[in-house]
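One structure is given below, encoded as structure tokens.
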Amino acid sequence: MDTEQQRLIRSIFSHDNPGNFDPRGLAIYRRNLVASACRALSVTFPTVEQLIGESLFRHAAQQMLSEFPPTAPDWGVWGEHFGRLLGQLPELESYPYVSDCAQLDYACHKLSRAADCETDFDSLQLLGTETADSVVLKLSECFLIVTSDYPLADIWLAHHDSDQLTEERIRRIRKKTGNTATQGALVYRKNHRVQVREIPADEQRWLAFLQQGMRLSDALDEMQNTDFNFENWLPEAVFMNIVSAVTTADLTA
Amino acid sequence: MSEALKVGKEKPRKGTAIGVGLRHAHFRDVLTAPAPLDFVEVHSENFFGKGGAARAFLLEVAQYYPVSLHSTAMGLGSESAIPDSYMPELKRLAEDVEPCLISDHVAFSRAEWLGHIVHSGDLLPVVFDRENLFRMVANIDHVQKVLGRRLLLENLSAYLTLPGSEMSETEFLTALTQETGCGLLVDLNNLYVNAKNQGVENVERYVRRWLESIPAEAVGELHLAGCSPVAAGELMIDDHARPVADEVWWLYAFALERFGPVPTLIEWDNDLPDWQVLTAEAEKARKIAEEVLPYGH
């Protein structure tokens, strides 16, 4: 037996009106819900909205409300399943990469709200005083990687940096979209600003080794015979808030 | 930040404190364009992220203006419990910002649907009965205990009525204040909208009676807003998309006479105007307050 509150929630989210509520009032709450959902998703998924346009985006938001209604009081945490849902909508078949774009948007949004990360700059001195087999690079939690069969980072940058939206870039994206090479997008945060760049496969492997807690010397050994250059990578990684500290390795491990 | 901006915190004004709702479109303005405001109000949930630009911005604003945290999603009248994650988030935000006021609504916002607790994303009306009174009293007690301070509860604009009320809205609100010691945030536009939507002939008399029916000492804040006109037969929506209506300014003068110099906020959430237009509304409120309640009141 539903309570009055359950009947009202059901009436707002579905097309039923089991509580015989005033249809004019119910219509207002239904419109408010869709408007709030569209607003929340457009904040979290700006690239997707630009890609598919307002009308399709609104349709997707309505589907999202039906399939994955919000369960938390904060609209800002709603949307984890939006990418998956977009990939299943027949209306978006002509946007094969939209699902991956949503994953990247969501990663950006998540990182924009994450706790601030600080780098222990003093600890970086260990790189000058200790040998590579006795130190470990600790990574921060202020970066995320999203991989795709599409040139995600290029698409994202094209939509977020108007200076970058040149004919050449569009041609390059189209060409890459036609290929099936996997591209990784690195999401990082510098001075509270979320940014995205392409991350080569070698760098992804490198970060995975560091995340496993591998000693610096072992990780470097794994990267031999690749294009990865540690000396070039380190200052950029510190600048991008990816490295949080250098610690001495547990030599007994 | 210019010295002129340090009005709210460092140079508190005499008389009624006047503030504006601070929304994303005005984030830059509030820090760069001096405005004679006594406080700003933000929606708590918009700053629940643990870090990032929004949080850093709010902490910067809080250095210059007292901040009121206005929650929209506690759902204190919901049959299901406040989500576990909510209170720690609000408490952490309150500890960081040290708000001048904290408020939410007399509303429910979530219920079970298809086996899950679903959040409506809206402020839904509660039945004014003993069961809901006990539920809200328990929730308010809990929130006030966690926060260690008084909560203000706002009256709703409701677009339908759930059956089964045993008391009037003002009786319900009065009982809440008596049982919990909470305060009231009286939204005059919500009263105006409800009166219009109920087809009340004399709106001013209806609202005056409503205001006279609540304990004056419990009122801790007033909200003023404007809403879009509607065609005959349609329900008026409290969309906070227009300047405050003349009728609501009249009600504001009466409310000040009855409640004294309580903090007053201009809410504008949709079709946002320029910062200067918004702050001019706040100045209008200040002028009325000064006329109704000359300093020394």
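The values are calculated or read from the model by the stated rules, or taken from the named source; none is laboratory data. All values derive from a computational prediction rather than experimental measurement. When we count neighbours, we look across all protein chains shown, and the Cβ atoms used for this are built from the backbone with ideal geometry, even at glycine. To get the accessible areas, we keep the full protein, side chains included, count just its heavy atoms, and leave off ligands, DNA and RNA. Shrake-Rupley method; radii C 1.70, N 1.55, O 1.52, S 1.80 Å.
Could you tell me whether the stretch B:121-144 includes any residue that is at pLDDT 95 or above, surrounded by 22 or more Cβ atoms within 10 Å (Cβ to Cβ), among the aliphatic types (A, V, I, L, M) and more than 29 Å from B:Phe39 (Cα to Cα)? Yes, because at least one residue in the stretch B:121-144 is at pLDDT 95 or above, surrounded by 22 or more Cβ atoms within 10 Å (Cβ to Cβ), among the aliphatic types (A, V, I, L, M) and more than 29 Å from B:Phe39 (Cα to Cα).
Got at least one residue in the stretch A:86-102 being open to solvent by 10 Å² or more (accessible area, probe 1.4 Å), within 28 Å of B:Leu123 (Cβ to Cβ), outside any loop (DSSP other than H, G, I, E, B) and not charged (D, E, K, R)? Checking the stretch A:86-102: not a single residue is open to solvent by 10 Å² or more (accessible area, probe 1.4 Å), within 28 Å of B:Leu123 (Cβ to Cβ), outside any loop (DSSP other than H, G, I, E, B) and not charged (D, E, K, R). Could you list, in sequence order, all residues of the stretch B:121-145 that are charged (D, E, K, R) and away from chain A (no Cβ under 13 Å)? Selection gives B:Arg130, B:Asp141, B:Lys145. If the condition is being in contact with a Lys or Arg (Cβ under 9 Å, 6 or more places away or on another chain) and crowded, with 16+ Cβ neighbours inside 10 Å, then the stretch B:279-297 contributes only B:Arg286.
Just wondering, is there one or more residues in the stretch B:265-280 that are within 14 Å of chain A (Cβ to nearest Cβ) and of a type in the set (S, T, N, Q)? Checking the stretch B:265-280: at least one residue is within 14 Å of chain A (Cβ to nearest Cβ) and of a type in the set (S, T, N, Q). Taken across the stretch A:65-85, residues that are away from every other protein chain (no Cβ under 14 Å), more than 26 Å from B:Ala81 (Cα to Cα) and assigned to a loop (DSSP other than H, G, I, E, B) do not occur at all. Only residues that are out of contact with any Ser or Thr (no Cβ under 7 Å at 6 or more places or on another chain), surrounded by 18 or more Cβ atoms within 10 Å (Cβ to Cβ) and part of a loop (DSSP other than H, G, I, E, B) were counted in the stretch B:50-86, giving 8. The residues of the stretch B:98-120 that are more than 10 Å from chain A (Cβ to nearest Cβ), open to solvent by less than 10 Å² (accessible area, probe 1.4 Å) and among the small types (Gly, Ala, Ser), listed by number, are B:Ser103, B:Ala107. For first residues located in the stretch A:2-24 and more than 8 Å from chain B (Cβ to nearest Cβ), partners that are aromatic (Phe, Trp, Tyr) and lie 6+ apart or on another chain with Cβ distances below 6 Å form the pairs A:Ser11/A:Phe21.
Residue by residue, here is whether (1) more than 26 Å from B:Glu179 (Cβ to Cβ); (2) without any contact (Cβ under 8 Å) to a residue 60 or more places away in the chain; (3) among the polar types (S, T, N, Q) holds:
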residue	(1), (2), (3)
B:Pro99	no, yes, no
B:Ile102	no, yes, no
B:Val106	no, no, no
B:Glu112	yes, yes, no
B:Val118	yes, yes, no
B:Asp141	no, yes, no
B:Lys145	no, yes, no
B:Arg149	no, yes, no
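Residue-level check: of (1) open to solvent by less than 30 Å² (accessible area, probe 1.4 Å); (2) part of a helix (DSSP H, G or I); (3) under 15 Å from B:Leu76 (Cα atoms); (4) within 14 Å of another protein chain (Cβ to nearest Cβ), B:Leu93 misses just (3). Only one of the numbered conditions (1) closer than 20 Å to B:Glu112 by Cα; (2) open to solvent by less than 50 Å² (accessible area, probe 1.4 Å) is violated by A:Gly76, and that is (1).
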